[in-house]
Amino acid sequence: AACSMGNSTSRLYSVLAKTLSSGAVSQHQDCLGQLDSAQLDPIDPKDLLEECQLVLQKRPPRFQRSFVNVKKNAASNHRPIRVMQWNILAQALGEGKDNFVQCPMEALKWEERKCLILEEILAYKPDILCLQEVDHYFDTFEPLLSRLGYQCTFFPKPWSPCLDVERNNGPDGCALFFLKERFELVSSANIRLTAMKLKTNQVAIAQTLKCHETGRLFCIAVTHLKARTGWERFRSAQGCDLLQNLNSITQGAKIPLIVCGDFNAEPTEEVYREFSNSSLNLNSAYKLLSPDGQSEPPYTTWKIRPSGECRHTLDYIWYSQHALNVNSALGLLTEEQIGPNRLPSFNYPSDHLSLVCDFSFNQDPDRLL
């Protein structure tokens, strides 16, 4: 039954409505290995959205967010590349470790929370989706998103904290999805980050893609750096390792680069400065929403734990500013929209906000750094 993935949208919920126990995960992975996702029937995104909304009908209405145009009169002959970055909150951590004291456990039920996550993805229709804290890859995201036309890659943490939680669904990790109709995979690297020459528990995925419409190559990377105060030097070392890897993959920035991630670092941290001052000539896309184009948003995560309220800017979309333009970016939720109990909540599934940007290639591909 775990592998039943019906031929019609009426049977879609054989995937969507169940969450497998951890005991079934390895069996499910084996099953998915036998099923070529290309052979599964495609899903109409509108049908999946309707299914999600049916599950969520008793929940309050979801927030409305608008795109902000950042590049005036962006003239391009090609439709932009929409990139979505999101730490979706691992289910095992949300229920078992993170202690969101103002969030009712009822709001964290996976059967409904996964529909909130899918609804957000379907609402913004990203061409490329970069996720962190994914612990339901094999039973939810891979089977569904592959049928929506995405090529899917997952790289779990070697020692995921999810495994400490009773009735977990396996390790969490980073996941990268891109639409096969828009891009072709040229190369892919799963990177286990090092710090002080030691292998760490944090990972990254970096893929070089070829855009079908323009013929241009670019690299997309997703990562999730070490959390917690006191680990600033460790994050800095991880960032240096990731930049070295990306420098090699992009041939010293000859290939344009987009890096998405939960860096667990405020803009005041060393790792942020390393990315800002890197020879890869990266800029942070969400700075462009500020009046001067120089300031990060006031927050990308906002939660209440027993130790108090945590409001931080930790999530970023970095891009090669010599080769790519940011046409627009999705505005963040206001404090009023988030509400006094903060995140997650009945109408928002994660403690982190999703970031979404529309990119276009610079019209002069030979422009120097």
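Would you confirm whether any residue within the range 314-321 is polar (S, T, N, Q) and closer than 30 Å to residue 53 by Cβ? The answer is no, given that none of the residues of the range 314-321 is polar (S, T, N, Q) and closer than 30 Å to residue 53 by Cβ. Scanning the range 244-271 for residues that are in contact (Cβ under 8 Å) with a residue 12 or more places away in the chain and either of a type in the set (D, E, K, R) or farther than 26 Å from residue 214 by Cβ (or both) yields 262, 263, 264, 265, 266, 267, 269, 270, 271.
With the condition kept exactly as written, say whether any residue in the range 77-92 is in contact with a Lys or Arg (Cβ under 6 Å, 6 or more places away or on another chain) and touching a residue at least 12 places away in the same chain (Cβ under 8 Å).
From the range 77-92, those in contact with a Lys or Arg (Cβ under 6 Å, 6 or more places away or on another chain) are none; that's our starting set.
Scanning the range 77-92, I find no residue that is in contact with a Lys or Arg (Cβ under 6 Å, 6 or more places away or on another chain) and touching a residue at least 12 places away in the same chain (Cβ under 8 Å), so the answer is no.
Scan 124, 137 and give me the residue that is of a type in the set (Ser, Thr, Tyr), closer than 21 Å to residue 172 by Cβ and open to solvent by less than 50 Å² (accessible area, probe 1.4 Å).
Values: 124 fails: closer than 21 Å to residue 172 by Cβ.
The match here is 137.
For residue 281, the criteria (1) in contact (Cβ under 8 Å) with a residue 60 or more places away in the chain; (2) within 23 Å of residue 98 (Cβ to Cβ); (3) touching a His at 6+ places or on another chain (Cβ under 9 Å) hold in every case but one, which is (2). When the range 166-204 is examined, which residues are found to be part of a strand (DSSP E or B), open to solvent by 50 Å² or more (accessible area, probe 1.4 Å) and in contact with a Phe, Trp or Tyr (Cβ under 9 Å, 6 or more places away or on another chain)? Once the filter is applied, which keeps residues that are part of a strand (DSSP E or B), open to solvent by 50 Å² or more (accessible area, probe 1.4 Å) and in contact with a Phe, Trp or Tyr (Cβ under 9 Å, 6 or more places away or on another chain), the range 166-204 yields 185, 190, 192. For the range 291-321, the set of residues classified as at pLDDT below 95, open to solvent by less than 30 Å² (accessible area, probe 1.4 Å) and farther than 15 Å from residue 350 by Cα consists of 293, 308, listed by residue number.
Any idea which of 273, 235, 216 is closer than 25 Å to residue 159 by Cβ and basic (Lys, Arg)?
Values: 273 fails: closer than 25 Å to residue 159 by Cβ; 216 fails: closer than 25 Å to residue 159 by Cβ.
Just a single option satisfies the conditions, and that option is 235.
Screening 238, 244 for residues that are farther than 30 Å from residue 363 by Cβ, surrounded by 20 or more Cβ atoms within 10 Å (Cβ to Cβ) and modelled with pLDDT of 95 or more leaves exactly one candidate, 238. Screening residue 337 against (1) buried (at least 17 other Cβ atoms within 10 Å of the Cβ); (2) under 22 Å from the mean Cα position of the chain (by Cα); (3) of a type in the set (S, T, N, Q) leaves a single unmet condition, (1). Here residue 277 meets the list (1) at pLDDT 95 or above; (2) buried (at least 19 other Cβ atoms within 10 Å of the Cβ) almost entirely, failing just condition (2).
Listed here are the residues, each with its yes/no results for (1) under 20 Å from residue 108 (Cβ atoms); (2) part of a strand (DSSP E or B); (3) aliphatic (A, V, I, L, M); (4) in contact with a strand residue (DSSP E or B) (Cβ under 9 Å, 6 or more places away or on another chain).
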{"position": "303", "(1), (2), (3), (4)": "yes, yes, no, yes"}
{"position": "319", "(1), (2), (3), (4)": "no, yes, no, yes"}
{"position": "328", "(1), (2), (3), (4)": "no, yes, no, yes"}
{"position": "332", "(1), (2), (3), (4)": "no, no, yes, yes"}
{"position": "341", "(1), (2), (3), (4)": "yes, no, no, yes"}
{"position": "360", "(1), (2), (3), (4)": "no, yes, no, yes"}
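Restricting attention to the range 348-359, does a residue exist that is buried (at least 20 other Cβ atoms within 10 Å of the Cβ), within 17 Å of the chain's Cα centre (by Cα) and more than 19 Å from residue 262 (Cβ to Cβ)? Yes: the range 348-359 contains one or more residues that are buried (at least 20 other Cβ atoms within 10 Å of the Cβ), within 17 Å of the chain's Cα centre (by Cα) and more than 19 Å from residue 262 (Cβ to Cβ). Would you please list the contacts, defined by Cβ atoms under 7 Å and residues six or more apart or on different chains, that run from a residue in the range 96-125 that is under 21 Å from residue 355 (Cβ atoms) to a residue that is small (Gly, Ala, Ser) and open to solvent by less than 10 Å² (accessible area, probe 1.4 Å)? That search, which allows pairs on different chains as well, returns 120/354. Sub-7 Å Cβ pairs linking a first residue in the range 208-230 that is exposed (fewer than 15 other Cβ atoms within 10 Å of the Cβ) to a second residue that is at pLDDT below 95, at least 6 apart or interchain, are 213/78, ordered by first then second residue. Could you tell me whether any residue of the range 260-271 is of a type in the set (A, V, I, L, M), in a helix (DSSP H, G or I) and open to solvent by less than 20 Å² (accessible area, probe 1.4 Å)? Yes.
Listed by first and then second residue, the pairs linking a residue in the range 323-351 that is touching a residue at least 12 places away in the same chain (Cβ under 8 Å) and within 19 Å of residue 82 (Cα to Cα) to a residue that is of a type in the set (D, E, K, R) and crowded, with 20+ Cβ neighbours inside 10 Å, with Cβ atoms under 8 Å apart and 6 or more places separating them unless they lie on different chains, are 326/358; 327/358; 328/358; 329/358.
The values are calculated or read from the model by the stated rules, or taken from the named source; none is laboratory data. Everything numeric in this text was worked out from a predicted model, so none of it was measured. Note that each Cβ is placed from the backbone with ideal geometry, even for glycine, and that neighbours are counted across all protein chains shown. Note: areas computed on protein heavy atoms with side chains; ligands, DNA, RNA excluded. Shrake-Rupley method; radii C 1.70, N 1.55, O 1.52, S 1.80 Å.
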